[in-house]
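What follows is a set of notes on a single structure, which appears directly below.
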Amino acid sequence: MTDPRRIVLDCDPGHDDALALMLAAGDPRIDLVGVTTVAGNQTVEKTTRNACAVATVAGLFAVPIVRGADRPLLRPLRTAAEIHGESGLDGPPPVVPTVRTRPGHACDFLIEAVTASPGEVTIVATGPLTNVALALMKEPALAEAAREIVIMGGAYGRGNVTPAAEFNISVDPEAAAVVFDAPWRVTMMGLDVTHQAACSEEAQARISAIGTPLGVFAGQLLEFFRSTYRREQAMGDPPVHDPCAVAYVADPTLFETRAAHVVIETRGTYTSGMTVTAFVASGEGSRHDVGISVRRDALFDALTAAIAALG
Ligand code: RIB
Ligand code: CA
């Protein structure tokens, strides 16, 4: 096996962010250097508390967790309580976190972790891109130093907040524009592929049946996520969006991607937050790749194994 891929996970837990954190921490192909939190699904106070709660249940006492931006670059914050609940992690009995955050700001942690090891660290972002944009604006050399960035966000097809925009991009389109315009490789795992990662009742039952506190916790998260996705999005099985971004780093062969050029609409009355995607013939020097399909069963095999491995 090749050396594990070193990543920093920037996230807004959130149910699927929580599962992405479990995958990043438990999959042997990933070395989780740190976690940064951002406002998105809920306020940054809540997403940070939730990250610490997941780390507590998973026993991640050595992984730095650093709090980030409490609002988008320019716009007021829009949260997603209708999907993730008032706490941002509704469903399981509340967890009193014993894992604490490290001091400092997420954007500084991102800069330090990536520039300390040029070419080695991948940023995986599963929430609005505010922290990543702040880091790029503060230290433009971040783009050169990072191995790549893989995001969950956007869509070359329809959005989920508006017909044009997916939630993570719609919350902070200006930050997304900074990230996609920067001179680094960006892989966009958008709704087109993450909606294929629907969690069946059987897959959920397999995770719950792990039987550890983390397995039971993950099953309870999925049950709540199932209820809100059924009510709000009329989807029978909830899509686990964020683990797709982590899984792509762990095993790119789980996915089909296509070379593209993506620009972000920041001014449209009805299209703000749209990831306007032009597919290009591979090798035309595009810096962007877009997820097209995922091998769903293998994705859930990896997620289940990671949760079981954390004990
Ligand atoms: O649109 C889905 C994305 O928005 C996921 O990352 C989910 O956690 C929310 O942040
Ligand atoms: Ca998220």
Exercise. If you go through region 1-32 one residue at a time, how many are more than 16 Å from ligand 1 (Cβ to nearest atom) and either surrounded by fewer than 22 Cβ atoms within 10 Å (Cβ to Cβ) or not hydrophobic (A, V, I, L, M, F, W, C) (or both)?
Worked result: 11
For this session: Search region 33-51 for residues that are more than 11 Å from residue 64 (Cα to Cα) and pair each with any residue that is aromatic (Phe, Trp, Tyr) when their beta-carbon atoms are under 9 Å apart and the residues are at least 6 apart or on different chains.
Result: 40/167; 41/167
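Suppose we filter region 76-86 for residues that are of a type in the set (S, T, N, Q) and in a helix (DSSP H, G or I); how many remain? Even if it seems obvious, please write down each step before you answer.
Filtering region 76-86 for residues of a type in the set (S, T, N, Q) gives 79.
Checking the rest, the ones that are also in a helix (DSSP H, G or I) come to none.
Final tally of qualifying residues: 0.
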Problem set entry | Selection count where residues are in contact with a Gly (Cβ under 8 Å, 6 or more places away or on another chain), within 17 Å of residue 302 (Cα to Cα) and outside any strand (DSSP E or B), scope region 226-266 | 3
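Table: residues versus (1) within 11 Å of ligand 1 (Cβ to nearest atom); (2) closer than 30 Å to residue 234 by Cα.
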| position | (1), (2) |
| --- | --- |
| 118 | no, no |
| 123 | no, no |
| 128 | yes, yes |
| 133 | no, no |
| 136 | no, no |
| 144 | no, no |
| 153 | yes, yes |
| 163 | no, yes |
| 180 | no, no |
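Each reported figure results from applying straightforward, stated rules to the coordinates on display, with no laboratory input. What you are looking at is a predicted structure, and each value in this text was computed from that prediction instead of being measured. Cβ: placed from backbone, ideal geometry, glycine included. Neighbour counts: every protein chain shown.
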